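One structure below.
Quick note: the coordinates plus some simple rules give every number you see, no bench work behind them. Computed from a prediction, not measured in an experiment: that's the story for all the values here. Counting neighbours? That spans all protein chains shown, and the Cβs are built from the backbone with ideal geometry, glycine included.
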Amino acid sequence: MSVDISRGGLLVTLAVFGVIVYEMRTVLDFIGIELPLIPYMAGVFVLAGLSVWYVTLKGGWRTEPEGDEPA
């Protein structure tokens with residue numbers, strides 16, 4: 001069973017998720033709750049590594065786009 005995901009799609013998803021989490025960290029810093037940057041960065045890298053491992057475990061990347069079937 002292969003996961004129907006492209007590398008670009010996964011990377012964009014991780015980038016958007018990382019920006020959202022970073023902005024939440026910025027808002028918390030604004031209201032007085034300071035969070036260190038290093039655990040945040042480590043968490044993003046761990047999430048990326050787990051995502052790539054999961055896709056590889058489930059059959060790898062989609063390498064050729066599949067054409068749509070005519071109606």
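In nm, what is the difference between 0.36 nm times the number of residues separating VAL44 and PHE17 and their Cα-Cα distance? Please list the in-between numbers first.
Values: separation 27, 0.36 × 27 = 9.72 nm, distance 0.88 nm.
That pair, VAL44 and PHE17, stretches by 8.8 nm at full extension.
Would you calculate the separation in nanometres between label points at ARG7 and THR56, each defined as 7 Å from the Cα along the Cα-to-beta-carbon direction?
Label at ARG7, label at THR56, 1.2 nm between them.
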